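Notes to accompany the following structure.
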Amino acid sequence: MGSNAKETIKPAQGQKCDKCPKNASITLSYGPHHFCENHFTQFFENRFKKTIRKYKLFRSGEKILIALSGGKDSVTLLHLLSKFYSKSNHLEALIIDEGVKGYRENAIKAAIDNCKKANVKYTIISFAKEFGITNDKIMSILKNNPKLGGTCAFCGTLRRNIMNKYAKVFKANKLATGHNLDDEVQSFVMNVFNNDFERMRRMGAAAGAGMVDHAGFVKRIKPLYETPEKEIIAYCAYKNLNHYSQECCPYSWSAKRNEYREMLNNFENRFPGTMYSILRFDEELLPFVAPKENEKPKMKLALKKCKKCGEPTEKELCKACEMIKILKIQKNSKGIKSSENKVSKADKSKTCAQTKGYYGSA
Ligand code: SF4
Ligand code: ZN
């Protein structure tokens, strides 16, 4: 377990478990709750099952495709889904290789190892094969054309395209992602700061729940939506789950999200319960901002199939295909040199790991 995460959840000396006479090994300040290892595990797993029931994330018999990166969140998701739902549901995993040298290979190894242990079938889809470009290449193009946007924006769109497309190919009813409480709260606050109302409307435990039902979209679900990130780190450590825990993707320093993570973690440390409070506010707000019934048919009619890949879109090309088109034009016109392919941290931005406090350097 990373040192900062450990510090935050370490119980006071001599603190007893709330449920049994044993010494507590973890304190959850927002309760506050003090638990021994066994009772923490029980609390953690019960909350996971409760989230699935409360938000009706899936029904018995449905096929669930798990988006698996090999990091702690998706590995925990795979572990819990296979522990509790492998008899009632058909589980399969989708591993996406974005093409980031020196990082992705190791995470993929962990992902495969977990699938084998859980006896879950997996498929690896790469950006290179799917779109003819890797994230490393995208980064080098964007470096020369910063106006086009950040690598994460491109990467995220391409990943969503693959997830939705393959969820349909594999005939999955639901696509499960490892988004946790911290991710959801960061997204909410980012949407407020960016005045991004449309994105806010699409939030929730069942992503896109407020949007139109359309055969072209497979519903995305977030069973860890109510689970704090630090507790996932603790659970992985207690359960000895093999996951990729080194430095995050080298491009993560360019993600604005890290700044939001740090700000919200500071708030949570000073005022425990802040994250849950923001999540509940978001949930109270959702019914008011979700599209009204009379808006939905219009939205549905506006959708057509992307000319290139067949994914639902309002325009001729979907966002992913549009991005690939732009990238390829730039690639051909500039002639990227291989020396430009290296990742460099040009400013003082923090990395994803620094803001998560894995290395005690946040
Ligand atoms: Fe993609 Fe950014 Fe995540 Fe790296 S940090 S995998 S570039 S979204
Ligand atoms: Zn497309």
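Here are the numbers:
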item: Sorted by Cβ neighbour density within 10 Å, fewest at the top, the residues L303, L142; result: L303, L142
item: In segment 1-88, the chymotrypsin sites (Phe, Trp or Tyr not before Pro) that fall in loop regions by DSSP, at most 16 other Cβ within 10 Å; result: Y30
item: Inter-label distance for M299 and A153, nm, one decimal - labels placed 7 Å from Cα along Cα-to-Cβ; result: 2.2
item: Estimated 222 nm signal from helices in the chain, with DSSP H stretches of n ≥ 4 weighted -39500 (n - 2.57), rounded to 500; result: -15000 deg cm²/dmol
item: Inter-probe distance in nm under a simple model that places probes 7 Å from Cα toward Cβ, at K83 and R280; result: 2.7
item: Exposure proxy ranking, count of Cβ atoms within 10 Å, fewest first, for I26, I108; result: I108, I26
item: Förster radius 41 Å - calculated FRET efficiency between K22 and K121, Cβ distance, rounded to 0.05; result: 0.55
item: Rounded if a/c under 1.5, otherwise prolate or oblate - the chain, Cα gyration tensor axes; result: prolate
item: Loop chymotrypsin sites (Phe, Trp or Tyr not before Pro), segment 196-284, which have at most 10 other Cβ atoms in a 10 Å radius of their Cβ (DSSP); result: none
item: I329, I112 arranged by Cβ crowding within 10 Å, fewest neighbours leading; result: I329, I112
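Readers should treat all values here as calculations from the given coordinates under stated rules, not as data from a laboratory. Only a predicted model underlies this, so the values are computations on that prediction, with no experimental measurement involved. Cβ coordinates were reconstructed from backbone atoms using ideal geometry, including for glycine residues, and neighbour counts include every protein chain displayed.
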